[in-house]
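Here is the structure we will look at, set down as structure tokens.
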Amino acid sequence: MVLERGDVANSWRRERWDSLRLLTPNWQTRLPGYRYEGADPDGFMTMAEVIEFVSNFAVKAAAPVRTHTAVTSVRQTDDGYQVATHDGDLRCRSLVLASGACNVPNVPPLQQGLPASIECLTPFDYRNPDQLPEGGVLIVGASATGVQLADEIHRSGRPVTLSVGEHVRLPRTYRGRDVLWWMDASGMWNQRYDEIDDLTRARRLPSPQLIGTRERTTLDLNALSAAGVELVGRLAAVRNGRALFSGGLCNQFALADLKMDRLLDTFDDWARTHSRGAGVNPPERFEPTRVPASSRLHLDLASGEIRSVIWATGFRPDYSWLDVPVVDRKGHLRHDGGVVDAPGLYAIGLPVLRRRKSTFIHGAEDDARDLIDHLACYLANTTVRQRG
Ligand SMILES: Cc1cc2nc3c(=O)[nH]c(=O)nc-3n(C[C@H](O)[C@H](O)[C@H](O)COP(=O)(O)OP(=O)(O)OC[C@H]3O[C@@H](n4cnc5c(N)ncnc54)[C@H](O)[C@@H]3O)c2cc1C
């Protein structure tokens, strides 16, 4: 049984802004036995299309979904789990946590220092620029969400200041192909969790600076600053109504450029040795991220220059309803490739759960197959023990 607190595809219905399109191309949007088959494989789905895609999959798979059934607590019992919902209790021997990796926007505690005159939004509150007061907007965070919102809000005519911390720079296309084609073809997406040197770091990497547009636009910091978005360093503190930014912009840029170049080197190496890499354009390298001649280290938030702040500082899962001691002090679930540290308990859909692609729609299939094998063995073994 699948329990869902909203409707099927709830996160896509309720927690995304109006103009969002997937950053993964249509050809890559697939679920087990179900894939995009429209006329635009290189396009990027709108939210309405994603909702339709996931809903159609649920029908095709005949998934036994109980919608509008929020789980309020899960407790361990002698032979499995007791699941409390708004619609009564259930018991099960095995349970999969598929409640998502992005349930709550991460807002740093320094929000409390902002003057009351500033309107604060998270990506869950934001729908479109019309909702913002006239005047300047400070966007904190320059990963996929931050760069996309900076672009849209700047186009609405508002001055945008973008606070940039650690980020992952990627071109939309490389050597004539979508950069995610390269991730797929070169095997990067499929890299397994137990082959990654620093798994903790890999699981916390910010999302890449990508946007899905018809024109296949690259939306990196050079594009944003050329359009007129002001770049400042990481937001380090808010003191006496002033935002203080770190001075390490130059280093942040150099690091992101270096990592992008290393990834492109990996793609080039792969193309040299694999037949699928034949016929692509020659290797290219991109202009380093331009460091502004002078970047502001502080901003007076009480002056009226900035009227709203958007926290594009990432998301985290919510396990407040999980009364099983498997979440560490930092809120991370203790699991080994989705096999959670409690009998018969599994997780899916978390970053680099079993592969680099685990947190993306197309990553679900391979992870689900592995976990179902484990789960089926678990159920078979416990049945034998109970009978014995
Ligand atoms: C802004 C944004 C953009 C993204 N863009 C892309 C993209 O371009 N391409 C891509 O492949 N991926 C993208 N992702 C990642 C994408 O969200 C995941 O690939 C996908 O949603 C994972 O599906 P899921 O079912 O594991 O999690 P979710 O889609 O989060 O689904 C979890 C479900 O669990 C339900 N739930 C949670 N708690 C409870 C509870 N207590 N009781 C009952 N139900 C509960 C929720 O209502 C939700 O419907 C994006 C994510 C975000 C946040």
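The values are calculated or read from the model by the stated rules, or taken from the named source; none is laboratory data. Please read all numbers here as calculations on a predicted model, not as lab measurements. Reconstructed Cβ throughout: ideal geometry from the backbone, glycine too, with neighbour counts over all protein chains shown. Note: accessible area is taken over every heavy atom of the protein model, side chains too, but ligands, DNA and RNA are not part of it. Shrake-Rupley method; radii C 1.70, N 1.55, O 1.52, S 1.80 Å.
Tabulated data
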| item | result |
| --- | --- |
| Length added when fully stretched, LYS60-ALA380, from 0.36 nm per residue minus Cα-Cα | 112.4 nm |
| Volume of the Cα convex hull of the chain, divided per residue and given in Å³ | 163 Å³ |
| Check: the chain dipole with +1 on Lys, Arg Cβ and -1 on Asp, Glu Cβ, in debye | 340 debye |
| Lys, Arg +1 and Asp, Glu -1 on Cβ, resulting dipole of the stretch 84-214 about Cα centre, debye, nearest 20 | 360 debye |
| Sequence of SER186, SER275 when ordered by accessible area, the most exposed leading, probe 1.4 angstrom | SER275, SER186 |
| Rule-of-thumb Rg ratio for the stretch 47-141 [Cα; 2.2 N^0.38 Å; N residues] | 1.61 |
| In Å², nearest 10: area of TYR34 left accessible to a 1.4 Å probe | 50 Å² |
| Projected area averaged over orientations for the stretch 100-198, convex hull of C-alpha atoms, nm² | 9.3 nm² |
| Accessible carbon and sulfur surface of the chain relative to its total accessible area, %, 1.4 Å | 50 percent |
| Rounded, prolate or oblate (a/c below 1.5 giving rounded, otherwise prolate when a/b exceeds b/c) for the stretch 172-252 by Cα gyration tensor | oblate |
| Heavy atoms of LEU258 accessible to a 1.4 Å probe, total area in Å² rounded to 10 | 80 Å² |
| Share of alpha-carbon pairs per 10 Å distance bin for the stretch 153-199, given as whole % | 19, 28, 32, 17, 4 |
| Solvent-accessible surface (1.4 angstrom probe) belonging to TYR378, in square angstrom, nearest 10 | 50 Å² |
| Percentage relative contact order, the stretch 225-280, counting C-alpha pairs under 8 Å, at least six apart | 18 percent |
| Bins of 5 Å, starting at 0 and running to the largest distance - Cα pair percent for the stretch 1-74 | 3, 15, 23, 23, 17, 12, 5, 1, 1 |
| Antiparallel content of DSSP bridges confined to the chain, in %, to 5 | 55 percent |
| 10 Å beta-carbon shell around HIS362, net charge (K/R +1, D/E -1) | 0 |
| Shape category assigned to the stretch 254-335 from the gyration tensor of Cα positions, a/c cut at 1.5 | oblate |
| Histogram of C-alpha separations across the stretch 191-297, 10 Å bin width, % | 11, 30, 35, 18, 5, 1, 0 |
| Dipole magnitude of the stretch 1-57 about its Cα centre (Cβ charges: Lys, Arg +1; Asp, Glu -1), debye to nearest 20 | 200 debye |
| nm² value of the averaged projected area, convex hull over the Cα atoms of the stretch 307-388 | 7.8 nm² |
| Calculated over the stretch 84-130: convex hull of Cα atoms, volume per residue (Å³) | 168 Å³ |
